[in-house]
Amino acid sequence: MRPNVVIVYTDQHRYDMLGSSGNPWIRTPSLDRFAAEGVQFTRGYATCPVCVPSRVGLFTGRYNHTNGSYNNSRLLRPREYDLAEWLKRQAGYATALIGKDHCFGAHRLPQAFDFVREAHHCGFAPPLNAAEQRVNAVRQHQMQVPFADNPLDPADDVTGGLFRSAREYVSERNGQEQPFFLWLSIPDPHPPYMVPEPYRSMYDAVELPPPAWVEGEMDAKPHRQRQVVEWDRYGVEYSGDRIDTLRRIYAGMVSYIDDEMGRFVDHLRDVGLDENTVVLFTADHGDYMGDHRMIRKGPHVYEALVHVPLLARFPGQFPPRPTDAMVTNIDICPTICDLVGIAPPEGVQGRSFAPVLRGHADAHHQRVFLEHGDPGRPLQPGELSPEECERLRHDTGHHLCPTVSRGPVKGVRSDRWKYVYNAGDVDELYDLHTDPHELRNLAADPALRPVVDEHRQALLEWLIDTEDTLAADRTGG
C-alpha cells in the first residue's frame, strides 16, 4: 500500500528559526518534537531564494536555469512535468493544495490538484464566510508596511484556517483506499509581518541577538548589494529598536505555525493515518531579518536566504536522527517518487535522498548549487542618476525590482566554502566554518585563489551538465 504524502511548506522561513536548529530563544516545541521523531536535515537548501522559482524547482525537480523560472512572474511552463500531476497520473493519488500556490497558476492548478483551497498573504481566495472576509479586510494593504497589528483570533487567521482545512481534508480521506498527496502551503512568516495574540507579545521580554553585519562589510561585496544597503530601507523602516520588533513578530508567526503543526500531526494520529503518511516540513526560502543590513530577500544567495528547514517523518520507516547530508529542494520530487515506488518524471535533475531517510546513507551531495537573477547586465556603478536612486530608495519593493535583480548569480556551497559568481561584478568567497554569517568576502585573497578556481570549475561543470534535458514541449507549443 502506497503511503500518503504531505508537504507542509512555509514561506520565507529561515533555518535558524527553530529550536531544533539550535536557536535558544524561539519557542517551537511541536516542530522540535517532529524533528526528534524524524529526520532533521541540518543542511537543507533552496536552490533559488525567491517564492516562485523555489516552488517550481521543488515540483519539477529541475534547476531554474532549465525549468525557466527565474523570478516571481515565471510560473510553471506547459512543457514541465510536475510532482502533483505525476503522482496522480502515475500512482493514482488524490491530490490537494491547501494554501498558497504561486507556482501552478489558474490553468495548471486544476490539472495538478483534485481539491484546491487557496489563500495568500492578504487572505483567503475566495473568503467563504464572514470570518474569512474579516481576515481579508484586516490583511489588505499591509504587504509593504514595516509591520502591522493583527486583532484576529488565531483560529480564524490564515495559518489557523489553512491547518483547519487540512485536518478536515485528512478526516475526509480517512478510510479510503486511494492514497493522497497534500501540499499544505502556509503563506507565513512572509510579509505582511503581523500575527494575532498571544503570539504578537510572546517575545516582548526576550533579549535578541543583533542581526549579523559589521561596519564596512559591503566594501568588498558586489555593487548591487552595496546599492541596496545605501538605499537603506533597513534604516528607514526599522530604525532604533524597530528591527527587534520586526524579529519578535516574525518569531511569533513561526510559533503560531508551530502550534498549528502540532495540532495537525496529532490529528493524523487521532484518525489512524500517522503510520502510513510521509510528512515533510520545509520552506521556499529564508529572510534577511536585518542581516547584512538588508530586509526580506534579494538576488543574493546568503545562508539567511537559501538555508531552510527540512524535516521528514514516517513512523517506523525513517530512523529518527539529525543528519548533515546536503540536500536541496529539487531533490524532493525524485525522493517522493522513490518513496511511493514510481520513477521520477523525465528531465528531473535532483537526486533522491530516500537512502538517507531510511538510514541507509549518511551523505548525499558533496556540493549544492544556487542561483538567482534575471537575464541581462547587472547594475553597474554610476549607472543610476541621483534622481533614479532617490526614486528607488523609496520603492518598498526595490529588493526584487528589475534594476536590482538583473544579472545572473550562480553559487556553490561545499562543506567549508561558499563561492558565488556574480556576472559583471566581483566574486564572493566565504569560509562557512569561521564566518557562518558570510560577513567577510575572501575572494580577492591570493592565497585562496585555488579555492576560487576549484569552485568556479565546479559551477561551470554543473551548468554544462544541467543544460535543458526535456526534448520537446509536451503540448507541442
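Annotations
- Subset of region 259-279 that is in contact with a Gly (Cβ under 9 Å, 6 or more places away or on another chain) and buried (at least 22 other Cβ atoms within 10 Å of the Cβ) - its residue that is nearest to R358 (Cα to Cα): V279
Matching residues to (1) surrounded by fewer than 19 Cβ atoms within 10 Å (Cβ to Cβ); (2) within 21 Å of V254 (Cα to Cα); (3) among the hydroxyl-bearing types (S, T, Y); (4) touching a Phe, Trp or Tyr at 6+ places or on another chain (Cβ under 8 Å):
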position	(1), (2), (3), (4)
E172	yes, no, no, no
W183	no, yes, no, yes
I186	no, yes, no, yes
E197	yes, yes, no, no
V206	yes, yes, no, yes
E215	yes, no, no, no
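- From the list L58, L18, the one residue that fits, being in contact (Cβ under 8 Å) with a residue 24 or more places away in the chain and farther than 15 Å from V306 by Cβ, is L18.
- Residue within region 17-39 that is buried (at least 19 other Cβ atoms within 10 Å of the Cβ) and within 19 Å of L370 (Cα to Cα) present: no
- Near pairs, Cβ below 7 angstrom, 6+ apart or cross-chain, from region 351-366 (in contact (Cβ under 8 Å) with a residue 40 or more places away in the chain and open to solvent by 30 Å² or more (accessible area, probe 1.4 Å)) to any residue that is hydrophobic (A, V, I, L, M, F, W, C) and part of a loop (DSSP other than H, G, I, E, B): R358/F318
- Filter result (exposed (fewer than 13 other Cβ atoms within 10 Å of the Cβ) and assigned to a helix (DSSP H, G or I)) within region 394-407: P402
- Criterion (surrounded by fewer than 19 Cβ atoms within 10 Å (Cβ to Cβ) and either out of contact with any helix residue (DSSP H, G or I) (no Cβ under 8 Å at 6 or more places or on another chain) or closer than 28 Å to R233 by Cα (or both)) met by exactly one of E428, E438, E454: E454
- Residues that are of a type in the set (F, W, Y) and closer than 25 Å to Y256 by Cα, drawn from region 188-233: Y193, Y199, Y203
- Verdict on V451 being of a type in the set (V, I, T) and under 14 Å from V306 (Cβ atoms): no
- Screening region 231-254 for residues that are without any contact (Cβ under 8 Å) to a residue 40 or more places away in the chain and either at positive phi or of a type in the set (D, E) (or both) and picking the one that is least open to solvent (accessible area, probe 1.4 Å) gives D244.
- Selection of first residues in region 26-52 that are among the charged types (D, E, K, R) and of second residues that are open to solvent by 20 Å² or more (accessible area, probe 1.4 Å) and at pLDDT below 95, restricted to Cβ pairs under 6 Å at least 6 apart or on distinct chains, gives an empty result.
- Restricting region 280-305 to residues that are open to solvent by less than 10 Å² (accessible area, probe 1.4 Å) and charged (D, E, K, R), the residue that is farthest from G216 (Cα to Cα) is D284.
- Of all the numbered requirements in (1) open to solvent by 30 Å² or more (accessible area, probe 1.4 Å); (2) farther than 13 Å from I295 by Cα, Q227 misses one, and that requirement is (1).
- Applying the criterion of at least 2 residues that are hydrophobic (A, V, I, L, M, F, W, C) to the helices (runs of 4 or more DSSP H) found wholly in region 1-84 leaves 29-36, 51-60.
- Counting the residues of region 85-105 that are open to solvent by 40 Å² or more (accessible area, probe 1.4 Å) and either of a type in the set (K, R) or assigned to a loop (DSSP other than H, G, I, E, B) (or both) gives 2.
- Failed condition for L384, given (1) among the hydrophobic types (A, V, I, L, M, F, W, C); (2) at pLDDT 90 or above; (3) part of a loop (DSSP other than H, G, I, E, B): (2)
- Residues of region 231-242 that turn out to be assigned to a helix (DSSP H, G or I) and either more than 10 Å from R293 (Cβ to Cβ) or at pLDDT 95 or above (or both), as a count: 4
- Looking only at region 118-151, and only at residues there that are part of a loop (DSSP other than H, G, I, E, B) and in contact (Cβ under 8 Å) with a residue 60 or more places away in the chain, the one that is most open to solvent (accessible area, probe 1.4 Å): Q144
- Among residues of region 376-393, those that are touching a residue at least 24 places away in the same chain (Cβ under 8 Å) and open to solvent by 50 Å² or more (accessible area, probe 1.4 Å), counted: 3
- When T282 is tested against (1) at negative phi; (2) out of contact with any helix residue (DSSP H, G or I) (no Cβ under 9 Å at 6 or more places or on another chain), exactly one condition is not met: (2).
- Residue check for P210: open to solvent by less than 30 Å² (accessible area, probe 1.4 Å), in a loop (DSSP other than H, G, I, E, B) and not hydroxyl-bearing (S, T, Y): no
- Scope region 45-78; condition among the aromatic types (F, W, Y), touching a Cys at 6+ places or on another chain (Cβ under 8 Å) and crowded, with 24+ Cβ neighbours inside 10 Å; matching residues: F59
- Test: residue in region 275-286 that is out of contact with any His (no Cβ under 8 Å at 6 or more places or on another chain) and farther than 26 Å from Y45 by Cα: yes
The values are calculated or read from the model by the stated rules, or taken from the named source; none is laboratory data. Everything numeric here is computed off the predicted structure, so don't read it as measured data. Positions of Cβ are backbone-derived with ideal geometry, glycine not excepted, and every protein chain shown enters the neighbour counts. We work out accessible area using only protein heavy atoms, side chains counted, and drop any ligands, DNA or RNA first. Shrake-Rupley method; radii C 1.70, N 1.55, O 1.52, S 1.80 Å.
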